[in-house]
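The values are calculated or read from the model by the stated rules, or taken from the named source; none is laboratory data. The shown structure was predicted, so the numbers you read here are calculated from the model rather than taken from an experiment. Positions of Cβ are generated from backbone atoms using ideal geometry, with glycine treated the same way; all protein chains shown enter the neighbour counts. The area values use the complete protein model at the heavy-atom level, side chains included, leaving out ligands, DNA and RNA. Shrake-Rupley method; radii C 1.70, N 1.55, O 1.52, S 1.80 Å.
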Amino acid sequence: MTERFNEWLMDKAKAGVNFSTEQLAWLNLIRDHIATAISIEPEDLDLTPFNQRGGLGKAHQLFGEQLPKLLDELNEVLAA
């Protein structure tokens, strides 16, 4: 799963998408959540450990309107 995640990050970088350190920390948490729960939904971001970092509201602040698309992509890439 880590390999697929890293490939996804490299594909994003090649497409000109760069994530901040805080965004990368969240993406790693999302990856870890998918590893144990098989998928992630927006409401999961109000659960531990996400709620300790500001929950769904903070995720929206960090990723904006791209959040649903990012979650869908990560579910597809990592749950495969």
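Results, tabulated for the structure shown:
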{"quantity": "Against the rule of thumb 2.2 N^0.38 Å, how large the Cα Rg of segment 25-69 comes out", "calculated": "1.02"}
{"quantity": "Accessible-area composition of the chain, carbon plus sulfur, in percent [1.4 Å probe]", "calculated": "50 percent"}
{"quantity": "Solvent-free Debye scattering, log10 I(q)/I(0), computed from the Cα coordinates of the chain at q = 0.23, 0.26 Å⁻¹", "calculated": "-1.17, -1.49"}
{"quantity": "Accessible area expressed per residue, the chain, with surrounding protein chains retained (probe 1.4 Å, Å²)", "calculated": "59 Å²"}
{"quantity": "Contact order normalised by residue count of the chain, Cα under 8 Å, 6+ apart, percent", "calculated": "39 percent"}
{"quantity": "Size of electric dipole in the chain: Cβ of Lys, Arg +1 and of Asp, Glu -1, about Cα centre, debye, nearest 20", "calculated": "260 debye"}
